[in-house]
Amino acid sequence: MGFGFCPLLEVPVKVPHSVLVSLAKDIGADRDIDYELELGLTIDLLVIGNFTIPLSTKGEIKLPSISNTF
């Protein structure tokens, strides 16, 4: 591995229909997507076993309007 190496991690996700409907309503109302990501990075250490580091972030992604695109 040298500089410029960028690993890609694909994670399959199941999303309930109600979440997709809620997302569509949110996008229609204010042209942004609110998100929150919570995950745990688990490392297997020989001396103490599995050690999990919790990671989280949240924010919003602004979507461009048609007038901003052209």
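Listing for the model above:
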item	result
All aspartates and glutamates inside 19 Å of LYS58 as judged from Cα atoms, apart from same-chain residues fewer than 8 positions distant	ASP26, ASP30, ASP32, ASP34, GLU36, GLU38
Gain upon complete extension [ASN50, GLU10; 0.36 nm per residue less C-alpha separation]	12.2 nm
Folded to 0 to 90 degrees: helix 17-30 orientation relative to the chain principal axis, Cα	50
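Readers should treat all values here as calculations from the given coordinates under stated rules, not as data from a laboratory. What you see is a predicted model, and the numbers here were worked out from it, not measured in a lab.
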